[in-house]
Each structure stands twice: as C-alpha cells, then as structure tokens.
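Asker: Okay, handing you the structure first.
Computed from the coordinates by the stated procedures, all read-outs in this text should not be read as laboratory data. As the structure is a computational prediction, the values presented were derived from the model and not from experiment. Cβ coordinates were reconstructed from backbone atoms using ideal geometry, including for glycine residues, and neighbour counts include every protein chain displayed.
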Amino acid sequence: MAVIIYTARRGVISGHTAGEAYEMEVGIESVSPSFDREENTLTTLSGKDFTTFYRIEERDSFSTVAIDDVTLLAQMREFLMSVAAGEPFTLDLMGEPGSPVAPVSYKLRGSPAKRLVNSAGFYSYSWQVKVFDENA
C-alpha cells in the first residue's frame, strides 16, 4: 500500500477541512517512470542538425488497484481535485501512515482518469505526475 499526503482544497469530503493536510493509504497497481526531453532541433538545408537542449522532466504514471470502498473513492476524488491546479503532494510507495520510508514530492500533470473495472462497482484511478523539486 502507498501513502499519499495532500492538502484538501477542492471537493472536500464530509469530516475534512479545507487547508488541512490528510494522509490516505491506497493500493498502487502500476508505476511507469518516464523522461520528457525539452529540446529544439533545427535542420539546415544541407541536412546538418543543430539541437538546443533545455531540460529533462522526470515523470511517473500511477494506477490504483480496483477500489470499491466508497469512503476511499470519495477521498481519491478529493485528493485529485485538491492537487488539480498543480499543488504539490507527497506519495510514498513503501511507507505506512505516519511512518514514511521513501516519500517523493510530485505535481499532477494532465487529467487523471477514473475507470470502471467491472460491473460490480470497482473503480481504478490513474494519473501522471512530474517529480517536484522545491529547490529548482
């Protein structure tokens, strides 16, 4: 189980307060790390390439296990809405609530997806993130 720590801002569920930090434990089914290069390549008429390299952006994609717990589904919605404008959050794939092991700060990129896994009411969420370095 992974632990996600975020500050509730939007879509706040009953019992939570906007502006407060919350932890939730959720099963992560897959993690797909990738790198996105920012560069500009120009090719002359003779065929020679000139490339200006700007940076590499480290990205990860996450997918949850199938979830049917309505409380956890509501908190997943709150979490994704609360970080939708690029607010940083922490995800620890190896930790437990209150006991971090390898926390990483991220910012959401793109639009998260919620899909029905089967007709019994199990849902899975997936989202893409950028590794967030507050010192950069």
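Asker: For the range 89-136, what class follows from the C-alpha gyration tensor (a ≥ b ≥ c being the square roots of its eigenvalues): rounded when a/c is under 1.5, otherwise prolate if a/b is larger than b/c, else oblate?
Answerer: Oblate, since a/c reaches 1.5 and b/c is not below a/b.
Asker: Could you run the Karplus curve 6.51 cos²θ - 1.76 cosθ + 1.60 with θ = phi - 60° over the range 107-124 and give me ³J(HN,Hα) per residue in whole Hz, x for Gly and Pro?
Answerer: Rounded to whole hertz, the list is 10, 5, 10, x, 10, x, 10, 10, 10, 6, 7, 8, 6, 8, x, 8, 10, 10.
Asker: Another one. Once label points are set 7 Å from the Cα along Cα→Cβ at both residue 46 and residue 93, what is their separation, rounded to one decimal in nm?
Answerer: Modelled inter-label distance: 4.7 nm.
Asker: With θ taken as phi - 60° and the coefficients 6.51, -1.76 and 1.60, list the Karplus ³J(HN,Hα) couplings across the range 10-22 in order, rounded to whole Hz; mark glycine and proline as x.
Answerer: Each residue of the range 10-22 in turn: 9, x, 5, 7, 4, x, 9, 10, 4, x, 8, 7, 9 Hz.
Asker: To continue, here is another question. Which aspartates and glutamates, if any, have their Cα less than 18 Å from the Cα of residue 48, not counting same-chain residues under 8 positions apart?
Answerer: Within the straight-line cut-off, residue 48 pairs with 39.
Asker: Against the longest principal axis of the chain, how steep is helix 70-82, in degrees 0 to 90 to the nearest 10, with axes from Cα atoms?
Answerer: Helix 70-82 and the main axis of the chain meet at about 40 degrees.
Asker: Would you grab the residues whose amide H sits under 5 Å from the one on residue 95? Only those 5+ places off in sequence or on another chain, please, with H modelled 1.01 Å from N.
Answerer: Answer set, sorted by chain and number: 3, 101, 102.
Asker: Using amide H atoms built 1.01 Å from N in the peptide plane, name the residues 5+ places from residue 10, or on other chains, whose amide H lies under 5 Å from its own.
Answerer: Result for residue 10 returns 82.
Asker: Based on DSSP H runs of at least 4 residues, each adding -39500 (n - 2.57), what is the mean residue ellipticity at 222 nm of the chain after dividing by all its residues, to the nearest 500 deg cm²/dmol?
Answerer: It lands at -3000 deg cm²/dmol.
Asker: Provide, in order from the shortest bin, the percent of all Cα-Cα pairs of the range 1-53 in each 5 Å bin, continuing until the bin that contains the maximum pair distance.
Answerer: 4, 13, 12, 10, 10, 9, 8, 7, 7, 8, 7, 3, 1, 0
Asker: Please compute the Kirkwood hydrodynamic radius of the range 13-89 from all pairs of different C-alpha atoms, in Å with one decimal.
Answerer: 16.3 Å
Asker: Let me ask something additional. Rg to Rh for the chain: what is it, with Cα atoms only and Rh by Kirkwood?
Answerer: Rg divided by Rh gives 1.10.
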